[in-house]
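Q: Let me begin by handing over the structure; questions about it come next.
A short reminder: the numbers here are calculations on the coordinates, not readings from a lab. Quantities reported herein were computed from a predicted structural model and do not represent experimental measurements. Here the Cβ positions follow ideal geometry from the backbone for every residue, glycine too, while neighbour counts run over all protein chains shown.
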Amino acid sequence: MKYFLLKTDAKYSSPQLIDWYGKVNPKHIHKGVSYAIPRRQIIYVESNPNICFTDVISSPIFLVSPMVRDIMKMYEPQIVFKEIILLDQKNRLTQLYLLPIFEEILCLSSKSILNLDHSVIKKAVLLEEAVTGKHIFRIEDVNNTYVVADLDFVESILRRGAKGITLTELDMDRRDVSYGVLERK
């Protein structure tokens, strides 16, 4: 199976969140502690009359449109979602997004290349054994949010006309079972 990193396409003028950290603490975007995030939040975005509400916003927090959420529920029904309403006050624009609380998988092979503090993946190589049967998940081995989806999921969102998404195909390591997993320090 092929796997891809999901990110916002930089060619789109996607929403730029303002003062989001006080409302959504990244430490709480994990199973077991997500109860600390309210069920619904309003987050302001920078005013932009040309804003494009893409189907995925990958930074500073990972958000998805209702269409992508519906597809996620088909593939991974256990994912919990928090509602985030993005608001451009000056241009009177609002859009509903959802913050998914993904399953996190320790899945990077020792062949992966990361920066020193494990916040940036320079080259991701997934352990096939760790991701087999998973459709969409978050990589646990890093200090930032990297969301991975399999080919079936990606094809589903693309068939429905998802916009503003860029995909990077990831390499697979079939030999490096669990001994070569990067250790988190």
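Q: Of the listed pairs Lys23/Lys82; Lys31/Lys123; Lys2/Lys134; Lys7/Lys163, which have alpha-carbon separations greater than 18 Å here?
A: Lys31/Lys123
Q: Taking 2.2 N^0.38 Å as the expected size of a compact globular protein, what ratio does the Cα radius of gyration of segment 1-77 give against it, to two decimals?
A: 1.21
Q: Please work out the Kirkwood hydrodynamic radius for segment 52-110, using every pair of different C-alpha atoms, and report it in angstroms with one decimal place.
A: Taking every pair of different Cα atoms in segment 52-110, averaging 1/r and inverting gives 12.8 Å.
Q: To make sure I understand, if each residue's beta carbon is the centre and we count other beta carbons within 10 Å, what order do Thr168, Thr145, Thr8 fall in, fewest to most?
A: Numbers: Thr168 13, Thr145 17, Thr8 20.
Listed from fewest to most nearby Cβ atoms, that is Thr168, Thr145, Thr8.
Q: Which whole-number percent is the relative contact order of segment 3-173 (Cα, under 8 Å, 6+ apart)?
A: 29 percent
Q: Which peptide among 105-113, 68-76, 32-40 comes first, and what is the full order, when sorted by highest mean count of other Cβ atoms within 10 Å?
A: On the way: 105-113: 19.2, 68-76: 17.6, 32-40: 11.3.
Highest-to-lowest ranking by the protection proxy: 105-113, 68-76, 32-40.
Q: Which of the GluC sites (Glu not before Pro) found in segment 25-119 are in a DSSP loop and have at most 16 neighbouring Cβ atoms, other than their own, within 10 Å? Walk me through the numbers before you get to the answer.
A: Values: sites: Glu46, Glu83, Glu103, Glu104; in loops: Glu46, Glu103.
Those satisfying the criteria are Glu46, Glu103.
Q: Now, a different point. What size of dipole, in debye to the nearest 20, comes out for segment 3-173 about its Cα centre when the only charges are +1 on Lys and Arg C-beta atoms and -1 on Asp and Glu C-beta atoms?
A: Charge dipole of segment 3-173: 720 debye, to the nearest 20.
Q: As I understand it, the value is the acute angle between the Cα axis of helix 66-75 and the longest principal axis of the Cα atoms of the chain; what does it come to in degrees, rounded to 10?
A: That works out to roughly 30 degrees.
Q: Listing Tyr146, Tyr3 from the residue with the fewest other Cβ atoms within 10 Å to the one with the most, what is the order?
A: Tyr146, Tyr3
Q: Additional query: May I ask for the Kirkwood hydrodynamic radius of the chain, worked out over all distinct Cα pairs and given in angstroms to one decimal?
A: Taking the inverse mean of 1/r over all distinct Cα pairs, the chain comes out at 17.1 Å.
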